[in-house]
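Worksheet: the structure to be examined is printed underneath.
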Amino acid sequence: MKRSNTILALLAVFAIVVGLFAACSAAPAKITLAQGKPEIDAALKAYAEEWSKTSKVPMTIKSVGGSSGTDLGTQLKADLAAGDMPDIFAINGLEDYKEWSALALDLSDEPWVKNTSVAFKYEGKVYGFPVAVEGWGMAYNADLLAKAGIDPKTLVDYAGYKAAFEKLDKMKAELGVKSVVSMAAAVDMGWVTAHHNFNSLLSNGLPYGDLSVVNDLLAGKVDQKRLSEYADWVELLFKYADKTVLTTGNYDSQVGAFATGKAVFLHQGNWTDPNMAQANATFKMAFAPHGSMAQATDGIFAAAPSFYVVNKNSKNVKAAKKFLADLVFTEAGNKYMVEGAGMIPAYSNIKIGPTGQLSKSVQEWSAAGKIYSWNQYYFTGDFRDKTLAPIYNQFATGSIDKAKFVELMTKAFEGLKK
């Protein structure tokens, strides 16, 4: 009996030691989220800090893009090489998914899936949590247009914009503006030109989801009439933009010019609402359609712009899933998305609406069914950023003319033919 008691005592001590060792060696859950929207960085970090307190899971936010000098895709490749991939990261669409599909966790059974119609799916499975619904057209200062006697309803085609830009340009001193348009076309701002503006060529005036132009271009077939009209639009924007902002400006300088009333139009989307609030921009603003065609188009571009993907190799998948679910199903998560980040929620259960004027404008266009697709992400990131962005930049700086722009764009698309 004495020996048995000794053995039992030793086993008990051993169990305690093993338990203590396991407790000490087990790494506590913590997650990192990498995303490419610098304009929501402050709001997201504030929410993540509060979420960490309630969930007891430390969280780090890495925001890449804007004025950071790099893009999220490049940063993620560096993280992968360093063995430091985030637990949650953002993708923009199909081409991004294809690049990172080996790391994407199947989220089909997550509770938020039934509450959204715009989750990223591939072959019937859900891999992406839609961050928000976003949209863009040409943001305009309604007060300045009224002062100039210009009706925003005339801004539906190239001719309407040309007449408005010419009139506004002559009234710059009277209106107190430095330029008619605020737009950035530096190579590292290619997401403005070779992503967002490029989409005018791809989907303006087409039924939502129509990929006819996309499929033709991917096959190397170029509609020269459509491309020529699009080139007219790009030329018009560049002509009436502040040249410093256009050629060397970053996100902050581009958005800041509009927010401070120094430009009448802004080539950005509703994601700039937080910037408008920070600048105390109280003037009336809304979106008008892009004028990239001779025919009138009555709609703006709206969709889910990006999606959070959970890294299936993460040691903290459970915590990452909880973070996403809490965005949708907690009051704090809802308020962060709508009030903090100024986003239009992509989930039907969220009843609070955005307060930002540009987000409200997107909602109004969407509610009226006057929206066009986001089709730029059917093209690879390298094609947009390394092939197209430099062409736009050359056009903006004046190193090539419109005819050369059309020629180079045509060659770029013809090069896609397989």
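What do you get for the angle between helix 224-239 and the principal long axis of the chain? Use alpha-carbon atoms, 0 to 90 degrees, nearest ten.
Around 90 degrees separate the two axes.
So how far, in whole Å, is the C-alpha centre of the range 251-309 from the one of the range 342-418?
Rounded to whole Å, the Cα centres lie 12 Å apart.
Which FRET efficiency value, to the nearest 0.05, do you get for Glu166 and Ile400 by plugging their Cβ-Cβ distance into 1/(1 + (r/R0)^6) with R0 = 25 Å?
It comes out at approximately 0.60.
Tell me, what is the FRET efficiency for Ile352 and Lys147 to the nearest 0.05, using R0 = 45 angstrom and their Cβ-Cβ distance as r?
E(calc), rounded to 0.05, equals 0.85.
Against the globular-protein guess of 2.2 N^0.38 Å, express the Cα radius of gyration of the range 329-376 as a ratio, rounded to two decimals.
1.23
Please check which bits of the range 351-371 a label hung off Ser212 would reach, taking the label as a point 7 Å along Cα-to-C-beta and the cut-off as backbone N under 20 Å.
Backbone N within reach: 370-371.
Classify the range 43-152 as rounded, prolate or oblate, taking a ≥ b ≥ c as the square roots of the eigenvalues of its Cα gyration tensor: rounded when a/c is under 1.5, otherwise prolate if a/b is larger than b/c and oblate if not.
Here the range 43-152 falls in the prolate category.
When the Kirkwood hydrodynamic radius is evaluated over all pairs of different C-alpha atoms of the range 183-288, what value in angstrom, to one decimal, is obtained?
15.2 Å
When you take every Cα atom in the range 51-91, what is the radius of gyration, and what is Dmax, the widest Cα pair distance, in Å?
Values for the range 51-91 (Cα only, Rg and Dmax): 12.3, 34 Å.
What translational diffusion coefficient, to the nearest whole µm²/s, does the range 225-367 have by Stokes-Einstein, given a Kirkwood radius computed over alpha-carbon pairs, a temperature of 4 °C and 1.567 mPa s viscosity?
73 µm²/s
Ignoring solvent entirely, what values of log10 I(q)/I(0) come out of the Debye formula for the range 288-400 at 0.18, 0.23 Å⁻¹ when each Cα is a single scatterer?
Values returned for q = 0.18, 0.23 Å⁻¹ are -1.10, -1.23.
For the chain, modelled as a Gaussian network with Cα springs under 10 Å, which listed residue fluctuates most, Gly73, Gly269, Gly176?
Residue with maximal mean-square fluctuation among Gly73, Gly269, Gly176: Gly176.
How large is the helix-only mean residue ellipticity at 222 nm for the chain, computed as the sum of -39500 (n - 2.57) over DSSP H runs with n ≥ 4, divided by its residue count, in deg cm²/dmol to the nearest 500?
It lands at -12500 deg cm²/dmol.
Could you state the principal axis extents of the C-alpha atoms in the chain, from the largest down, to the nearest angstrom?
For the chain, the Cα spread along each principal axis is 104, 50, 37 Å.
I'd like the antiparallel share, as a percent to the nearest 5, of DSSP beta bridges with both residues in the chain.
Antiparallel: roughly 60 percent of the beta bridges in the chain.
Here, each number is a calculation from the coordinates, and none is a lab measurement. Remember, predicted model here, so these are calculated numbers, not experimental data. So basically every Cβ, Gly included, is an ideal-geometry build from the backbone, and we count neighbours across all protein chains shown.
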